[in-house]
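Every number in this text was worked out from the coordinates using simple rules, so none of it is lab data. Not measured: the values here are computed from a predicted model. We place every Cβ from the backbone using ideal geometry, glycine too, and count neighbours over all the protein chains shown.
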Amino acid sequence: MAQYKNLASFFKFAADLFSERNAIYWRSPDHASKAKDKYTGINGKKLKELVYLASRAIEQLGLNRGDKAAIISETRLQWVITDFACVMNGITTVPIYTTMTAQQVKFIIEHSEAKICFASTKILAEKVSAVFNELPNLEHIISFNKTENEPEYIINFEDLIYKEVVEDKKPYSETAADKYFEEASQKINEDDPLTIIYTSGTTGNPKGVCLSHKNTLANVKQCDDSFNITDTDRFLSFLPLAHTYERTAGYYLPLSKGAEIYYAQSIDTLSVQMQETRPTIILTVPVLFVKIFDRISKSIKTYPKFKQAIANKAIAVGLKYRKNKNNFLWRMADKQVFAQMRERTGGKLRFFISGGSALNVKLAEFFDAIAITILQGYGMTEASPVISVNRENTSYFETVGPPLVGVTVKIAEDGEILVKGDNVMLGYYKNEKDTSETLINGWLHTGDIGVIDKNGCLKITDRKKTLIKTSGGKYISLTHIEDTIGVSKYVDQIIAFASDHRQFVSALVVPDFDELKAYADSKKFSYTDNLSLIKNEELKDFIEKEINLAQKDLAKYERVRKFELLPVPFTIESGEVTPTLKLKRKVIEERYKAAIDKFYE
């Protein structure tokens, strides 16, 4: 990109772009104040000062260019300061999800050979501290929160910046900072590693995806060339910055365009914070739309009968005329119902961008019916990460849109999606075998199966590893089966199993217990907890009928014939779900081996 050749010059450009304007906002603890006063902001000049001081402080820790620094933190200002301070020192950052276990954290720090680890809270610092003695390369843990009576290797972030290691003690000078950033930029080659992001993976240990400055900035430009983002836009960010999707498209991209970024506290506070911040763009994953749809559905059920009828009729009209919003009936439904629904997003929303996993088409059609735009996209960490996305005025729900400008996509003979562009990774860190199997003649082999339709849009049809040949010789898609049955409102999670030595498809199913309890109450079934619910034979029969109804259009050999209901959901904490909310097939299959084998006795 013309203005910047690496993330050091990018930072100076972005900081100068904002200068006196606030770039990033976060919620202050004073919840009693007016909504507009609940957020604290930082402008470009102050951000430049903090990054300069943090950079100088990190210098004193004795790290060399090319050394690694782990960051285990939720999205917050200190993450940003740390990120750019490491850039200035030529240090490669290694983001870690806060939900990972101590052993997972240990693996990543050990494999990456990180010498320092930034941790946002006392709990996270303790998680790293618990394995500190098993990590010979790790020299310091730097805590964003104030700590007392800690071991010498734990340093407070503010103490690091302001007290202990800034040697010259001279008053801050913006001129000195600019010179420092320029000198830092001169030392960085565009192909130098910027970050190593460990993909959570659904099987085995995570792989460290090594992305260069060029990879990341190329993807920022590719996104910029494909969308009209301006300094009037406002992003509401709730995904973790450890996720390259949020880091590239929800952090670097808005900073490059002068667009404001507001940090949400969590997905649970998003509903309130959308109304407070009135965003124009939100990056998200499909689970958010399930939550919003459920909230709307439950809200409608609390209306008086006549208002329920009006709302349901309006939704029916919206679905019927969603492609013709100039229709008189749609405009009436919009005025009476949809406008109020949209106001819950803040009333200024241009679009959501949905990634991470497949978006249910019927859910997308519902939001389109009420004039909320969802642009489904596709990417992977190895591509920095965005590969394709639907555009604002041409969105096809069954696809993940056309490739970004500057990204080339082709379909291999076996149907695998191949990607080429400056955004494609350097390789997997210390893993030549997987690198050579994934990067072949400059093409990234995604492991996904797909087609390019007549509109030039990419459609993901499957995952290579979930295409299974059954004992009957038929190829089936476990993903397709799971997506098909997962549309039932009584199914929260489902994972299917089949193989060349299994005669049919089986599944483990976690019911949506709110819906199941509501049904049980309507039938006056007695229960005490989730376990007693799924042990009820009549409820099991009911769920079986729901599954059969959902899979009626599947071929007979694709249908789930046996299943078991589980009383608790798969979770990140249990190690069964990745931080990007994908089920870990190998982990679950090993954990529930006895139950799965029983299906085939």
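Taking amide H positions as placed 1.01 Å from N in the peptide plane, with prolines and chain starts having none, which residues 5 or more places from residue 71, or on another chain, fall under 5 Å of its amide H?
94, 96, 118
Relative contact order of the range 470-599, please, whole-number percent, based on alpha carbon pairs below 8 angstrom and at least 6 residues apart.
Contact order relative to length: 27 percent.
Charges on Cβ only, +1 for Lys and Arg, -1 for Asp and Glu, centred on the Cα centroid of the range 11-164; of 107, 94, 128, which one is farthest towards the dipole's positive end?
The one lying farthest along the dipole's positive direction is 94.
Over 32 Å between Cα atoms, which of 459/552; 5/291; 48/68; 68/584; 305/517; 325/584 qualify?
Violating the 32 Å limit, Cα to Cα: 5/291; 325/584.
Residues with beta-carbon under 11 Å from that of residue 212, excluding residue 212: net charge, scoring Lys, Arg +1 and Asp, Glu -1?
Cβ neighbours under 11 Å give a net charge of -3.
Given R₀ = 41 Å, what would the calculated FRET efficiency be for residue 131 paired with residue 186, taking r from the Cβ atoms and rounding to 0.05?
The computed FRET efficiency comes out at 0.65.
Once the dipole of the chain is set up with Lys and Arg at +1 and Asp and Glu at -1 on Cβ about the Cα centre, which of 321, 496, 141 lies farthest towards its positive end?
So the residue we want is 321.
Can you give the % of DSSP beta bridges in the range 7-188 that are antiparallel, to the nearest 5?
25 percent
What distance in nm lies between label points placed 7 Å from Cα along the C-beta direction at residue 159 and residue 19?
3.9 nm
Quick one: what are the phi-derived ³J(HN,Hα) couplings along the range 509-521, Karplus 6.51/-1.76/1.60 with θ = phi - 60°, whole Hz, x for glycine and proline?
Once rounded to whole Hz, the list reads 10, 9, x, 7, 5, 5, 5, 5, 5, 4, 5, 4, 5.
With charges set only on the Cβ (+1 for Lys and Arg, -1 for Asp and Glu), what does the dipole of the range 255-462 come to about its Cα centre, in debye to the nearest 20?
With Lys and Arg at +1 and Asp and Glu at -1, about 1600 debye.
Nearest 5 is fine: what % of DSSP beta bridges in the range 470-599 come out antiparallel, could you say?
Taking every DSSP beta bridge within the range 470-599, about 60 percent pair in antiparallel fashion.
Give me 117, 210 ranked fewest to most by other Cβ atoms within 10 Å of their Cβ, as a rough exposure proxy.
210, 117
Could you state the angle between the C-alpha long axis of helix 44-59 and the longest principal axis of the C-alpha atoms of the chain, as a value from 0 to 90 degrees rounded to the nearest 10?
Here the helix axis deviates by roughly 70 degrees.
Describe numerically, in nm with one decimal, the distance between label points set 7 Å from Cα along Cα→Cβ at residue 309 and at residue 562.
About 5.0 nm separates the two model spin labels.
Under 1.5 on a/c is rounded, so check that first for the chain, then, if it is not, pick prolate when a/b is larger than b/c and oblate when it is not; a ≥ b ≥ c are the square roots of the alpha carbon gyration tensor eigenvalues.
It comes out prolate by the Cα gyration axes.
Let me spell out the model: positive unit charges on the Cβ of Lys and Arg, negative unit charges on the Cβ of Asp and Glu, origin at the Cα centre of the range 240-354. What dipole size does that give, in debye rounded to 20?
720 debye
Please name which of 306, 226, 58 has its Cα lying farthest along the dipole of the chain towards the positive end, using unit charges on Cβ (Lys, Arg +1; Asp, Glu -1) and the Cα centre as origin.
306
Tell me which residues come under 5 Å, amide H to amide H, from residue 212 once H is placed; ignore anything under 5 positions away on its chain.
Here the answer is 194, 426, since their amide H atoms fall under 5 Å of that of residue 212.
Tilt of helix 537-550 relative to the longest C-alpha principal axis of the chain, in degrees (0 to 90, nearest 10)?
Approximately 80 degrees, to the nearest 10.
Between the DSSP loop rule and a limit of at most 11 other Cβ atoms within 10 Å, which GluC sites (Glu not before Pro) in the range 80-184 are left?
Counting only loop positions with at most 11 other Cβ atoms within 10 Å, the GluC sites (Glu not before Pro) in the range 80-184 are 148, 152, 167.
Give me the number: length gained by fully extending residue 316 to residue 529, i.e. 0.36 nm times residue separation minus the C-alpha to C-alpha distance, one decimal in nm.
The residue 316-residue 529 span can extend by a further 73.1 nm.
Please state the shape class of the range 7-188: rounded when a/c is under 1.5, otherwise prolate if a/b exceeds b/c and oblate if not, all from the C-alpha gyration tensor.
It is oblate, given that a/c is not under 1.5 and a/b is not larger than b/c.
Residue by residue through the range 477-482, what is 3J(HN,Hα) from phi via Karplus (6.51 cos²θ - 1.76 cosθ + 1.60, θ = phi - 60°)? Round to whole Hz and write x for glycine and proline.
With coefficients 6.51, -1.76 and 1.60, one gets 10, 5, 4, 4, 4, 5 Hz.
When the label point is put 7 Å from the Cα of residue 40 along its Cα-to-beta-carbon vector, which residues of the range 80-94 have a backbone N closer than 20 Å?
Output list for this probe position: 80-85.
Can you work out ³J(HN,Hα) from phi for every residue in the range 266-283, in order, using Karplus 6.51 cos²θ - 1.76 cosθ + 1.60 and θ = phi - 60°, giving whole Hz and x for Gly and Pro?
Per residue, the Karplus-derived 3J(HN,Hα) values read 5, 5, 6, 9, 4, 4, 5, 6, 4, 6, 6, 9, 6, x, 9, 9, 9, 8 Hz.
For residue 265 and residue 548, calculate 0.36 nm times their separation in residues minus their Cα-Cα distance, and state this gained length in nm to one decimal.
97.9 nm
Could you work out how far helix 7-18 tilts from the main Cα principal axis of the chain, as a 0 to 90 degree angle to the nearest 10?
90 degrees
So what is the relative contact order of the chain, in percent, for Cα pairs below 8 Å that sit 6 or more residues apart?
The value is 11 percent.
Return 52, 252 ranked ascending by Cβ neighbour count within 10 Å, so the fewest neighbours appear first.
Lowest count first: 252, 52.
Can you tell me the dipole magnitude for the chain around its Cα centre, using point charges on the Cβ only (Lys, Arg +1; Asp, Glu -1), in Debye to the nearest 20?
Result for the chain is approximately 2360 debye, rounded to the nearest 20.
Please give the net charge around residue 259, taking every other residue with its beta carbon less than 10 angstrom from that of residue 259, where Lys and Arg add +1 and Asp and Glu add -1.
-1
Ranked by Cβ crowding within 10 angstrom, fewest neighbours first, how are 557, 303, 97 ordered?
Starting with the residue having the fewest Cβ neighbours, the order is 303, 557, 97.
Between residue 574 and residue 537, with labels modelled 7 Å along Cα→Cβ, what's the label distance in nm to one decimal, could you check?
So the two model labels end up 2.7 nm from each other.
If you restrict to DSSP beta bridges whose two residues both lie in the chain, what percentage is antiparallel, to the nearest 5?
DSSP beta bridges in the chain are roughly 50 percent antiparallel.
Taking amide H atoms as placed 1.01 Å from N in the peptide plane, list the residues 5 or more away in sequence, or in a different chain, whose amide H sits under 5 Å from that of residue 502.
HN-HN under 5 Å from residue 502: 471.
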